[in-house]
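Have a look at the structure below, then the notes.
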Protein chains: 2
Amino acid sequence: MALRLGLRLLTSSGFSRLNSANLQVPCTACRREIASTGPSLHPKASSDLNSFVSRSHTCGELSSTDIGQEVTLCGWLQFQRQDLFVVLRDFHGLTQVLLPQDELNAELKTLLSEAPLESVVLVKGTVIARPPGQENPRMSTGKIEVQVKQAQVLNICKKLPFEIKDFIKKSEALRMQYRYLDLRSSQLQYNLRLRSSMVMKMRAYLCNQHGFVDVETPTLFKRTPGGAKEFVVPTQEHGKFYSLPQSPQQFKQLLMVGGLDRYFQIARCYRDEGSRPDRQPEFTQVDIEMSFVDQTGIRALVEGLLRYSWPNNKGSLPDAFPVMSYAEAMSSYGCDKPDTRFEMKIMDVTTLFSTVQMGFVQETLGKPHGCVKAIRIPEGEKYLKKKDLDSMMETSKEQYKQHITPVIVKSDSSWRSPLQKYMGEDLQKALCEASGAKAGDILLLAAGEHDTACTALGKLRLDAASKLEECGVPLRSPHDYHFLWVVDFPLFLPKEDNAQEMESAHHPFTAPHPEDMGLLSTEPEKVRGQHYDLVLNGNEVGGGSIRIHNANLQRWVLEQVLKEDSSLLSHLLEALESGAPPHGGIALGLDRLIAIITGSSSIRDVIAFPKSFRGRDFMSSAPDFVADEVLQLYHIQMVQIDCEVIQNV
Amino acid sequence: MALRLGLRLLTSSGFSRLNSANLQVPCTACRREIASTGPSLHPKASSDLNSFVSRSHTCGELSSTDIGQEVTLCGWLQFQRQDLFVVLRDFHGLTQVLLPQDELNAELKTLLSEAPLESVVLVKGTVIARPPGQENPRMSTGKIEVQVKQAQVLNICKKLPFEIKDFIKKSEALRMQYRYLDLRSSQLQYNLRLRSSMVMKMRAYLCNQHGFVDVETPTLFKRTPGGAKEFVVPTQEHGKFYSLPQSPQQFKQLLMVGGLDRYFQIARCYRDEGSRPDRQPEFTQVDIEMSFVDQTGIRALVEGLLRYSWPNNKGSLPDAFPVMSYAEAMSSYGCDKPDTRFEMKIMDVTTLFSTVQMGFVQETLGKPHGCVKAIRIPEGEKYLKKKDLDSMMETSKEQYKQHITPVIVKSDSSWRSPLQKYMGEDLQKALCEASGAKAGDILLLAAGEHDTACTALGKLRLDAASKLEECGVPLRSPHDYHFLWVVDFPLFLPKEDNAQEMESAHHPFTAPHPEDMGLLSTEPEKVRGQHYDLVLNGNEVGGGSIRIHNANLQRWVLEQVLKEDSSLLSHLLEALESGAPPHGGIALGLDRLIAIITGSSSIRDVIAFPKSFRGRDFMSSAPDFVADEVLQLYHIQMVQIDCEVIQNV
């Protein structure tokens, strides 16, 4: 009692500052979210976090109901308050540990109050109630503290490369170099645990609910024909290389031929893209394939999968996701992955311009696919400065060679626009009516080839949204999750470097739309594929297709349309004529999906040990030089830098 | 009715032969096992195998309770019986489909009776009872058949490279080249489905029951110091390579430092061992790490894991697995992975030989660790021929330089043995008593250095068991599953090429046994490690350890004992001094474990697309040559064969 009294005296001001201890943990908000969503991160409420180990409780679970219990806690020293108490942290939360104030236990007190922060300690003691008025309602353990009886420093934290507080503000490179420290942050703990829990639920849905078989496929494989971006792996056989595949595409199809019926895999995939922001040389996809299925079946499966695995605290998903054709996505949003969380859709106003006597407009409309498109930025006059508009027009010109004409609708409904002098009042009114433009709105108009005009306006739609959001207009809430299927993609596209030749829009195994089969030999560019993309908030998070199961059709596509050497895929063609069932599937980009759900700005925040955008691991300095003996074992040597420069010149 | 009658007349002999249709599927026994264990392969009984697809039922589920139902089945043509019926197969079973015999449906009949076997068909029809007496009790669907009303050949099986029947007998190379056909066999379907289901249960145990977090770790990493057998992956940065790690060892430890607390991963690992039988260049381990745990904790966790995920039809596992020291395993079984399904243990009979006047025995006993060891082969005289014994002695001499002296105890208890003349009747009797040898038994004796004598006898123990089993003596039932922990391994071993230097028995991160800490600087060769192996039926199926969490100790082991350059592991050392909790873990070899459980003779039978023992994929011909442009991208070129030969000479 004396102890308690003494303590209360000593800490009369201290306790209010204790609450600020939380602030030492990065992202207090997230820690609270962990606490509040704790159960949802452990699919079974009965999940025992203390089995097999020396602690009796985590640092996040003690409450008033435990008062009087003898407990053992293990954790990191998060905070020390004079010699009065320390705060212990683990993945589950924080617990306040009361230090003894009597002479007899001076050593114990010194041990805990003088060990460096972030040291690992084991503490045995009794759960007691905090004195009235000193509870912390923001901490899940805020009603209790543990009166320590025994303690042991399990590992001293000798020195950190910097103050944890500073660390948070440091560059991402530093956070990646000391990833094991960054992993202690509540944000990364939350992200990785949510990822694990969501993947577990996906597995339960596929495996337990719908009889899918989890099959591991090789990652040391043969180079795909035309498979740029595939890492190669030298072998001890002279001149022979494995390749790290970009997806298990061939294997999943072969599994269907093998009668596996329903396959899934959380599959590691590889892509050597050199430096690209927010891409990783290895990434993970939820890979699915089914026999005897059509597009509707796959879509229903994936919708069910996402609903089943969706985090409890992220709202609920609709029973069926909207479906939009590629053509509609392009004409209304100017891209194949529309962000449907907000409007500002692209409108066609071509007919209004048929009589407008502007040279370049008439010229444009005379060309194939010539049109005039518009987007309306509500209250744009208020939020967009002249330089914003100029910059958007510049973007459009530079990136798409598309001229943009702005119209600012003034409060008296008159226009400020280069167009004004070319359009009479009636036409101006008609355009405002057609586009819904009101006083204060801005219209951005693009006259040009359909896809170019749409793509440019699609980009400006997103740019304008960002600008509006910067001004505090809520448009794209990170708490809204708008899934969308985009379908009816073209099966083939003209090659970028040679428009006379065709290449697959996705991959050569996608089946043509049944209605377009007749066009395959005559107008292949008009054939739609049975491909579907899953879009979430303007990001592509999945894609798949019904595959070609007929060997003749597959051979025809490869040889006659794509002009490829089909012998490189002879094993697949042979498999298709050995009793291949109709089949189709999908792959979901797990890293991206989890990043969006957790509101992370980069997929690096949902990967335990990510690489930099140049593919480097800052912790271990991978990739690195290897010894000559290793190269010899694989019969390879480095090309001399000089020679290479000459070759490249 | 007429149809039915006609059919019965037509098939009076046919039906009895139908049963033999089963035999066309490889391993009828296994197919039955699939049928009988069906539910256990789908963790939840409610698993819906027909969701999202065009069939209403699988080919394995219709029964008398479905009579009268209209159903849609999809499957492979397994068997055609004249024009009377066909048998449809899928992953779940077989269903007999009755063909129409009326003129009106002649086309339908022709379609199904003339399509090549292994073609994929969709059939709609009515479930009817088989006529009395024509039920097939060995088929789960043997009481019914489906009267077809509509059918569609979804894909014609144009030609198989060989008759399916022949295929089964063909070489494994052919089976691997046409793996998609082999996958249709009930044995592979069973193996892959059991693997998937068991892994799913492991995940549920770890993730749902015990709060483990499934974390993916990189496979493109930095080469481990001394990491022979690691594949390298060239990057576009001149001279720099990733390495494909042999295990996530470093990452799992770093996750503990990062406070993840409980990690698991079904991890893909890589090892470039060139040609070794029954090894794969990529393999899978169940990788586990925990903080604040000791050996007992990890063992209890793994025992619980295996009990939880163990297939229902494979018996039950004991509550705790036996634990044996490495020393005991060596002296009683002559190896560190004893097969404890049978006795024939190694016995020490040294004291009996102290007075035997045989020169080499006395010489042996005078040396350090000299001893005489014996195994007893019960009824050996009956089962082992002279050439068997000779061959065993030869093996021992060649592989271990260990001379073996046999003793055959004859029916009158006299001996046939080179030893006879050196041992008096009393000693002979004493040896028989000590070893339990009875008339007809054979003793194999080895005088030599302890480990050599034990290792040799350990090998002969297994050889003798094989011989006895060939003669029909049941010793090692494939239906018995004897798990065993082997502990207290030495922490260091003398290097094979230089006995003056030490190397880690397992890896440099294993913590010393606390009782042996004092020996670390004085007699490191006597230090036991906190390592544990899990052995199943004489195979190592797992191994792990409590790790060193103290940076100073880790540095000391690396620098002072192993004489390695600790700077190559500076990131790990730095992590250990940044607040690393005590931690430990284990990795289970999933391929081997599943192979033993399914009774497969090779791990290739539990991997969907395995490689040959030379690391080849016979289906796609990986590894393969790659184009010069690819090598250029990675700044590498092949060493000229000639140069290399010269270098190697």
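The values are calculated or read from the model by the stated rules, or taken from the named source; none is laboratory data. Only a predicted model underlies this, so the values are computations on that prediction, with no experimental measurement involved. Because the Cβ atoms are built from the backbone with ideal geometry, glycine has one as well, and the counts that use them run over all protein chains shown. Just the protein is used for accessible areas: all its heavy atoms, side chains included, with ligands, DNA and RNA removed. Shrake-Rupley method; radii C 1.70, N 1.55, O 1.52, S 1.80 Å.
Assorted remarks:
- With R₀ fixed at 60 Å, the C-beta to C-beta distance from B:Asn312 to A:Lys397 puts the FRET efficiency at about 0.30.
- 7 Å along Cα→Cβ, label-point gaps from B:Thr395 to other copies, nm, shortest first: 7.5
- Plainly put, the tip 7 Å out from Cα toward Cβ on B:Leu475 is 7.8 nm from that tip on each other copy, the closest given first.
- Number of partner chain Cβ atoms within 10 Å, mean per residue of A:199-208: 5
- Buried accessible area, chains A and B (both chains, 1.4 Å probe, Å² to nearest 100): 12200
- For the stretch B:287-350, fraction of C-alpha pairs farther apart than 14 Å, in %: 69
- Calculated diffusion of the stretch B:136-249, Stokes-Einstein form, Kirkwood radius summed over Cα pairs, 4 °C and 1.567 mPa s, µm²/s: 64
- Taking 0.692 mPa s as the viscosity and 37 °C as the temperature, the Stokes-Einstein diffusion coefficient of the stretch B:466-516 based on its alpha-carbon Kirkwood radius rounds to 221 µm²/s.
- Sites B:Gln152 and A:Ser570 - FRET efficiency at Förster radius 22 Å, r taken between beta-carbons, to 0.05: 0.20
- Alpha-carbon centroids, the stretch B:358-420 and the stretch A:397-426: separation in whole Å: 103
- Whether the stretch A:70-196 is rounded, prolate or oblate, judged on the alpha carbon gyration tensor where a/c under 1.5 counts as rounded: prolate
- Extending 7 Å from Cα along the Cβ direction at B:Ala300 and again at A:Gln362 yields two label points whose distance is 9.0 nm.
- Taking every residue in A:73-79 and counting other chain Cβ atoms within 10 Å of its Cβ, the average works out to 2.
- In whole percents, the pair-distance distribution calculated for the stretch B:249-360 from its alpha-carbon pairs, binned every 5 Å from zero, is 2, 8, 11, 11, 15, 18, 14, 7, 4, 4, 4, 2, 0.
- Inter-site label distance for B:Asp48 and B:Gln560 at 7 Å from Cα along Cβ, in nm: 6.5
- Given charges at beta-carbon only (K, R positive; D, E negative), |dipole| of the stretch B:488-568 in Debye: 260
- FRET E, pair B:Val323, B:Asp83, Förster distance 60 Å, beta-carbon r, rounded to 0.05: 0.40
- When both bridge partners sit in chain B, DSSP labels roughly 95% of those beta bridges antiparallel.
- In summary, the lysines within cross-link reach of A:Lys124, defined as a Cα separation below 20 angstrom excluding same-chain residues under 8 places away, comprise A:Lys109, A:Lys143, A:Lys149.
- Working from Cα pairs under 8 Å separated by at least six residues, relative contact order for the stretch B:453-512 is 18 percent.
- Debye equation applied to the C-alpha atoms of the stretch A:379-437, log10 I(q)/I(0) at 0.14, 0.19 Å⁻¹: -0.44, -0.78
- Residue mean of other protein chain beta carbons inside 10 Å, B:291-303: 3
- The string of couplings for the stretch A:528-538 from the Karplus curve (6.51, -1.76, 1.60, θ = phi - 60°) is 8, x, 7, 9, 9, 10, 9, 10, 10, 6, x Hz, one whole number per residue in order, with x for Gly and Pro.
- The other copies place their B:Phe360 label points at 10.1 nm from this one, listed shortest first, where each point is 7 Å from Cα along Cα→Cβ.
- 27 Å Cα-Cα reach of B:Lys401 towards lysines, excluding residues that sit fewer than 8 places from it in its own chain: B:Lys337, B:Lys345, B:Lys367, B:Lys373, B:Lys385, B:Lys386, B:Lys387, B:Lys421, B:Lys459, B:Lys467, B:Lys495, B:Lys526
- Under-5 Å amide H pairs with B:Asn155, H placed in peptide plane, nonlocal only: B:Val120
- Dipole orientation for chain A: of the candidates A:Gln637, A:Leu460, A:Leu558, A:Leu460 has the Cα lying most toward the positive pole (charges on Cβ; Lys, Arg +1; Asp, Glu -1).
- Partners for A:Lys563 among aspartates and glutamates (Cα-Cα distance below 12 Å; same-chain residues under 8 apart left out): A:Glu501, A:Glu503
- Over the protein assembly as shown, accessible surface divided per residue gives 40 Å², non-protein components excluded, 1.4 Å probe.
- The residues A:Phe283, B:Phe212, sorted by heavy-atom accessible surface at 1.4 Å with ligands and nucleic acids left out, run A:Phe283, B:Phe212 from largest to smallest.
- Projected label distance in nm at B:His238 and B:Asn498, using a 7 Å step from Cα toward the beta-carbon: 3.4
- Relative contact order of the stretch B:328-389, pairs being alpha-carbon contacts under 8 Å that are 6 or more residues apart, as %: 29
- Electrostatic dipole magnitude of the stretch B:189-299 [Cβ: Lys, Arg +1; Asp, Glu -1; Cα centre; debye, to 20]: 260
- For the protein assembly as shown, the normalised intensity computed at q = 0.05, 0.07, 0.08, 0.09 Å⁻¹ comes to -0.46, -0.89, -1.12, -1.34 (log10 of I(q)/I(0), Debye sum over alpha carbons, equal scatterers, no solvent).
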